[in-house]
Structures are given as C-alpha cells and as structure tokens.
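Undergrad: Handing you this structure, nothing more for now.
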Amino acid sequence: MELPGVGPVGVADASGDNDAHITAELSAIFQNLQQVLDIRHKYIRLSLQRDGDNPNDDPSWQIYPAPPEPAWTDPRPDHNTNGQNTGANSMSNSMVLPPQASKSQAADNISREPDLPQEGRKKPPKKRKAGQDIGEDFDMDDLLPLPSTSEFTFRLDENGVYQVFENTAADAANTPVVGVPTIKDFYMDLEKILLVSSDGPSKSFAFRRLQYLEGKFKLYTLLNEYQETADTKKVPHRDFYNVRKVDTHVHHSACMNQKHLLRFIKSKMKKCPDEYVLSRDGKNLTLKEVFQSINLTAYDLSIDTLDMHAHTDSFHRFDKFNLKYNPIGESRLRTIFLKTDNHIQGRYLAEITKEVISDLESSKYQMVEWRISIYGRSLDEWDKLATWVVDNKLFSHNVRWLIQIPRLYDVYRASGLMGSFEQVVRNIFQPLFEVTKEPESHPKLHIFLQRVIGFDSVDDESKIERRLFKKFPVPKEWDSQQNPPYSYWIYYLFSNMTSLNFWRRQRGFNTFLLRPHCGEAGDVEHLAVALLCSHSISHGLLLRKVPLLQYIFYLEQIGIAMSPLSNNALFLAYERNPFIQYFRRGLNVSLSTDDPLQFAFTREPLMEEYAVAAQIWKLSPVDMCELAKNSVKQSGYEYSIKQTWLGENFHLPGAEGNKILKTNIPDRREEYRYQTWVEEHRMISRYASNNELHQSTEHQSSFGMNVNPSSLENTAAGTVDSEFKDPASSLSNVEAGRSAPPSQQVDMSSSQVSGAGQGTVPGSPPPSAQRESSYPTDGLASMRLSSHEPRYIPGMMTRASRQTSLRRDSAPESDDVASPRSNLRKNGGAEEPAT
C-alpha cells in the first residue's frame, strides 16, 4: 500500500512556515517520534507479531473443527430486489466461511500441516447445530498422525532465554537461528522511549495534535452525522446487533455472570450431593459435606450470599477484588467450581463453560478470547490444562484462548516452591519448545495450542516496584524474595516467545502474540514497555497522562481493549474514563468485559458493556459498529474468518477495505479515519529526514505541489538511521509491520492519483503478496470538511505567514499570536502540561 502523494482535502500544510528555527524544532520532534517508531518496528518484526507473520493468516489455513456452514448457500441476489429475496439478501452476513472453503476442508481432512499425508482419515467431519452438543464435532483421531520431530534443537542459555539452533553443530557453535535482544539491549531501548516521552517540546506537540484530532472528529461528526445515518439505513439486514463483536479481554474463570453460577451451584447441590469433590487433610469430602461445613443449604444461597460482585468496597483494593473470586468467601468453593485442576479434574468448570459457549453460539455474533492461567509452578501445568480442554471438548467457533501468566514469583519464593526466577521461565516455556520440536511428546498440548492466540501478563499493576539493582541479574541469579518488576517479566515473556515463534513458523504451526494487561494503574513505564514489544494491550488508562505515548499508540494503531465497567469498580470512575477521548482521537480501541462474574448483571455481558457506554457517552450506532470492527481486527482469529466477518479486503485501509454490508460502517467514516491517519504520518516523513529539512528550508513543499515523483520518494524515505531501508518503501516510518496476507491483485484505475511511494502501513498486505495499490486523493471530497486545516502545532506561525496569508490565519486561529513557547495553553477546556 502507498500513501497518497498529493494531499487530499483537508491535509495540513505548513509550507508557509519558512522560519528556520521553527523547522529545526519540528525536525527534532519528528526525529524523536521516528526513533521510537523504528525501535518498536524492530521488536515487533523480530518477534513475528505483524499481521501476516502468523501462518494462520494464510487464507488457505485449515481450521478444525471447521466453522459452521451458512444457513443458505444460494448466491446472493441483486440488492435492488425486494420481497422474497430479502432473506437471501442477508446471507452475505453468514458468520461462517464460504461453502467451497468448507468442502475443501473436508477434502483436506482438516489438517493443520499442508503436507501431511491423507491416509487414515476415514470419516468426514462431524456437524452439529450452533448452541447444541458443544464439542461433539471434535474428534482427536481426525488430527492424527501428528507432525514428525524437527531436527532443530533448543536449550536455555545463561541469560534465561531459550535459544533455537538448526542442529547440534550450530548449538555447539552457539549460533541460534534468531538473535533475541539481550536484557541490556531491551533496557537501553526502553530508556530511549522513556526519554522521548518525557521531552518537553515533544510532549507539548503530542498533546496539541491529540487535541486537534479530537476536535477534528467532533467537526466531522457535526457535518456528517445525518449522512452516516442515511448510509446505514440503506444497508439490508445489517445493524449493530448482528455485526461481529469479539470480547478481546475476558478472564475464563469469571466468564459467567453471578446468576448463572448460582443456578449451576444449586443444580449440583440438588443433583450430585454425594459426589466426592474435594480432598482435604487426607479425607475425601462430598459436595453435601462441603456445604454442611459452612452451614449452608441450596435454599440459603442467593446472589447476596454468593457475594462475588465488585461493589464500592473494591475501589483501589485489588486484594479485596481477588477475594471476590471465592464464592461465599470460601476458597474451597472456588477450587471446586472455578478451577481446572482439582479432585474432579475441573469437570464442573468444563460443564459451566459449555453452557456459556452454548449461549455464545446461540447469540451467533458474539465471540470471546478467554484468558486462562498458567502459573509457572510446575512443568506439567501445560499438559494438565491441554488435557482439560481436549478431554472436555471445549472447542467452539466462538472461542479462542489466551494464556495469562500471573506475576506471583514472590509468593512462590516465600513458600519455598522455587529458588530462582529461572524456574518460572523453565516451567512456562520448556513444554512449549518440547511440543514444537516433537508434537508426539505432548499430543493434546499440540492440539490445544492451535486455538491459543498469545500470552498475557496479569497482576495488580499498582504495586510499588523497587529498583533493588542498578543492573538487573539474569533469572538464575534472581533468588531474592522481591518480585521482579513489570518490565522484567515482559522482557522474558517477549524474548522466549520470539524464539518460539520463529521455530513454530518454520514448522508451519501458528505463532503467538504478546497482549498484556498494561496501564490500568501503577507506573507509566509499563506503557513504554508495552509500546516496545507488545502487539496490543488491555486497559491503557494511564495513556491519558502520557500524551506522547498516546500519540504513538495512535500512529501505530496499537489495539487497546478497554473495560470501563471494570475500571469503574476498581480504579477509575466511569465518567472519568478516557475511553471516549481515545475513540474520538482515532486510537484503536475496543470494548471488553474483563470479569463478567464481578461486574455484569445480564446474560450478555458484552452487550451490557456496549449499552452502558452508548448511554453514558451517547455513542451512535456507527460508533458502536466501528468499535465492534476494531475488536475483530484486534483479535487473534484466523485471517479467513476475519474475511468472512468483515469482507475480503478488510486488511486494506479506508473505504477500499470497508464492506458496509458486513460492518455497517459507512465508507465516509472509514475514509475519514484513514486520511486523518495518513496526514499524521506524512508530517513525520516530511520533517524527520534531512532531505525534508533541506526542502522545507528552501520553501519547497512536496505535498499538494507539482514535484518530481522520484525526488518525492527520496525525501519521504524516513530518518537517516531508520531500521527500515527497503528500497521499495518510500515511507519507512509507516512500515508498522503488521501486514495481512492477501492473495488478490488490486487493479487501480487511471483516474487515481499516483502515490508518493510504496510504504507499508499497519494493516497492509505483506511484500510477498506483490500487490500494487493506490488511493484516490478525493476520498474525502464528499465530506463536509473545511478546505484548510490548522498547522502542525497551533500557535506556531512565521512572520511571513502573518503578513501574506489572511485566509490561513482566519478567526479560528486568532490565538496563534501567542508565544509558541508558552508553558500553558487552554485548549478546549484542557490544560497542557508545562514543558
């Protein structure tokens, strides 16, 4: 994909700013931004977290169990027809893959490995109705034989990172297949980001740009609200209720609401009172005996007795919130009903999980990514979890899994469970490397990992982190009872995941993403860590305090799964939540439920989250559909699934990648978001390079003027020391590296304006696709936007501009006469921090 080479309607143009001092200051700011972007690109590229890096992003990737087939298989009729065709009209909306894909899956016998032999696959895949017979379409025999053993080897090095080698000779020579950054490199790069984020002029610039983006969206809404409504009314069948939504942040042990759990507990007390469910002090206890020990009967139980809702007593008390996971305040009941590893092998939790899956499949349009824990206490945790999932057949088209790693080393160390942090690293990652090398060694784990998306890191972020060491020791030397800081945990998750991803992609297995909890509370350094090496984050509340990091999250379109109802109970009152501010500014935000058991009251907690947000912040139907689309794009669902839900070209930006029949989002909204985002990147590419600095000084604007395309390509090449010097890429700063793997060619008409280059932007296809694309500069021509836009930094104006341009310096910019170095400036009721 390439950015438009000629400025579209409303592109900011500071060509009049010919003051060398101003140009130099802008250049310094943009070079700071470019430096941060390049560092992030390096880490994301190395860890294979870009769109298109995962083998399951291949449209031909086979999914088992296969998604359900569409209810109608007839071709979609002309949308201009009415009456009897209306029902069929809506079947472009099916939640499933096209019929031919399902047939090919049957022909290929649902194999994850494209080159596996087809012998031994005797029976066709089972089918079932949505919401019924959960898991009955899964048969482990369908996945046999498993892939063979790899010749690659692995070992844990002295720095606590698993390294992968091509063979034993490479192991002996210590030449791993991927060069993982050392912890020293990691902290040096982190320090660079922290320095830039605390730079005064850069903070002021980011603050004002964010204010501008928010104001611009409000103007867009005022001018286009009625037209957006008219556009959505023309869409047959589709509305907010039947667009796909993914709950991208929800913990599995709290995935049900309180009433559901209460009914389940009462049901078990009535039907299975004599079943042995707990072993305590060498004695097996029945369910009846457990409740007798706490002096309760089924009749006594109520929502109030259960006491699992996070009320006002949990605000800023994460310790009390954790206790809310215990029904009736009894940890033994949590062990019985909400644990996978207990006396009954987690059967009760599996049963209630199937009930929740049934509700999800019945609703059809709501998906979840459940987070389930691996604690790192022992090597067999992975096998126990995989056995629980596979044996109970917890497979559904509506469900994917993330693995959350609680940061509890200090608890394990205090109890004598382990002697150093290296044991945590070994317990978490060694089984994953073993199953990657030899799937037969952990067959159920190999199958379970096919539905695992990535890793999360969880705990109370508000805990104080003391810097005990000037230089952090390696894991085998971390034997203190002090818990490592957030950044230390994230580094070792990232570094080991990097080696693992490289090996898994080499084998054709799915890879993983790093999607931690971040920015809910605590130190803002956590956000810099996530920016450095994470695909996306959950919460992100503290971004409101760090404008430069927030601006970079916007530029990179890093996903933020926000849970305002959860935050309202724990850390931040609902009316103060920055979600609506992030959304208006164009950050990649979605809504999620976090813990329905503690926060929700209805059977559809995700819809409850959307409903409350819509009421409080007056979100329009288009706003909610945009949030739903964001959730799908943030999710780890396979590329072919996303194509079915969003349209074949969903990976393309702007109107070209939007299919209103699927998303219910007008093209004008998508084009507005894209063009606004392009303008911000164009600024960076213009001022970050020395060539652009020279051109700006010489009063030669490369946007909106007739210039040589080759010279434009040179001037937009990015910073001199950029990580990305691909000759096919003209905007290195826009190579965010999260590419999707499209398979089709895009034919461009001669009426479109040729672009400035071929830089890759987030969500664009990978270079291997060999697709050419261009975007029209009149994409916003139908929008009622002002023909002129404020300068990059409001208040920064040259003498020449004041003397020669009355049109540009009109009433809306009358306050530009203020000093550009003013420490405080009122902007829409908000104060900018002093620099």
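Undergrad: Between THR312 and ASP281, how many nm apart are label points set 7 Å from Cα along the C-beta direction?
TA: 4.0
Undergrad: Expressed in nm², what is the orientationally averaged projection area of the convex hull enclosing the Cα positions of the range 565-681?
TA: Computed as one quarter of the Cα hull surface, the answer is 8.2 nm².
Undergrad: Here's a follow-up. Could you calculate the contour length gain from THR305 to LYS192, that is, 0.36 nm times the residue separation minus the distance between their Cα atoms, to one decimal place in nm?
TA: 35.5 nm
Undergrad: Additional query: Measure up LYS266/LYS384; LYS364/LYS642; LYS437/LYS471 against 25 Å on the Cα-Cα distance and list the ones that go over.
TA: Going by Cα-Cα distance, LYS266/LYS384; LYS437/LYS471 fall outside the 25 Å limit.
Undergrad: Pull up all non-local amide H partners of HIS249: gap of 5 or more, or a different chain, and H-to-H distance under 5 Å with H placed in the peptide plane.
TA: Those qualifying (amide H under 5 Å, at least 5 residues apart or on another chain) are GLU369, THR593, ASP594.
Undergrad: So which of LYS259/LYS444; LYS245/LYS268; LYS283/LYS339; LYS218/LYS618; LYS463/LYS545; LYS216/LYS245 end up more than 22 Å apart, counting from Cα to Cα?
TA: LYS259/LYS444; LYS245/LYS268; LYS216/LYS245
Undergrad: With N set to the number of residues, divide the alpha-carbon radius of gyration of the range 430-523 by 2.2 N^0.38 Å and report two decimals.
TA: Dividing the Cα Rg of the range 430-523 by 2.2 N^0.38 Å gives 1.29.
Undergrad: Per 5 Å bin, what is the whole-percent P(r) computed from every C-alpha pair distance within the range 161-201?
TA: 6, 21, 16, 13, 12, 10, 9, 6, 5, 2, 1
Undergrad: Same structure again: Per-residue counts of other Cβ atoms within 10 Å, averaged by peptide: what ranking do you get for 681-687, 616-622, highest first?
TA: On the way: 681-687: 23.7, 616-622: 16.6.
The packing order, highest mean first, is 681-687, 616-622.
Undergrad: How high is the FRET efficiency between ALA28 and THR221 when r is their beta carbon distance and R₀ equals 45 Å, given to the nearest 0.05?
TA: So, using R0 = 45 Å, E works out to roughly 0.85.
Undergrad: I need the peptides 155-163, 388-396 ranked by packing, meaning the mean over residues of other C-beta atoms within 10 angstrom, with the highest value on top.
TA: Sorting 155-163, 388-396 by mean packing, highest first, produces 388-396, 155-163.
Undergrad: Can you give me the long-range amide H partners of VAL458? Hydrogens built in the peptide plane at 1.01 Å from N, cutoff under 5 Å, separation of 5 or more residues or another chain.
TA: Placed amide hydrogens put ILE405, ARG407 under 5 Å from VAL458.
Undergrad: Can I ask one more? With a point put 7 Å past each Cα toward its Cβ, work out how far ALA170 is from GLU136 in nm, to one decimal.
TA: Taking the two extended label points, one gets 4.7 nm.
Undergrad: Mind listing the long-range amide H neighbours of ILE453? Cut-off is under 5 Å, sequence gap 5 or more, other chains count too, H placed in the peptide plane at 1.01 Å from N.
TA: Under 5 Å from the amide H of ILE453: TRP401, LEU402, ILE403.
Undergrad: Here's another thing I want to ask about it. In percent, what relative contact order does the range 113-269 have, based on Cα pairs under 8 Å that are 6 or more apart in sequence?
TA: 8
Undergrad: If you build the Cα gyration tensor of the range 460-574 and take the root of 5 times each eigenvalue, what three semi-axes come out, in whole angstrom, biggest first?
TA: Over the Cα atoms of the range 460-574, the semi-axes work out to 25, 22, 13 Å.
Undergrad: Separate question: With the crude spin-label approximation of a point 7 Å out along Cα→Cβ, what separation in nm comes out for LEU417 versus SER620?
TA: Placing both labels 7 Å along Cα→Cβ, they lie 5.1 nm apart.
Undergrad: Can you sort LYS633, LYS233, LYS463 by how many other beta carbons sit within 10 Å, fewest first? The partial results should precede the final answer.
TA: Working: LYS633 25, LYS233 8, LYS463 16.
Ordered by Cβ neighbours within 10 Å, fewest first: LYS233, LYS463, LYS633.
Undergrad: Give me ARG280, ARG507 ranked fewest to most by other Cβ atoms within 10 Å of their Cβ, as a rough exposure proxy.
TA: ARG280, ARG507
Undergrad: Related question: Provide the net charge surrounding GLU604, with neighbours chosen by a C-beta distance below 11 Å and charges set as Lys +1, Arg +1, Asp -1, Glu -1.
TA: Here the charged neighbours net out to -2.
Undergrad: Next question, about the same structure. Need the full-extension length gain, ASP410 to GLN506, defined as separation in residues times 0.36 nm minus the C-alpha distance. One decimal, nm.
TA: Working: separation 96, 0.36 × 96 = 34.56 nm, distance 3.60 nm.
Stretched out fully, the ASP410 to GLN506 stretch lengthens by 31.0 nm.
Undergrad: Can you put THR229, THR593 in order, fewest other beta carbons within 10 Å first?
TA: The most exposed by this proxy come first: THR229, THR593.
Undergrad: State the Cα centre-to-centre distance between the range 336-370 and the range 555-579 in whole Å.
TA: What the calculation gives is 26 Å, centre to centre.
Undergrad: A follow-up question, please. Under the 0.36 nm per residue contour assumption, what length would be gained going from the current alpha-carbon distance of GLN292 and ARG155 to full extension?
TA: 44.2 nm
Where a number appears in this text, it was derived from the coordinates with a stated rule and is not lab data. Predicted model only: the values in this text are computed from it and were never measured. We place every Cβ from the backbone using ideal geometry, glycine too, and count neighbours over all the protein chains shown.
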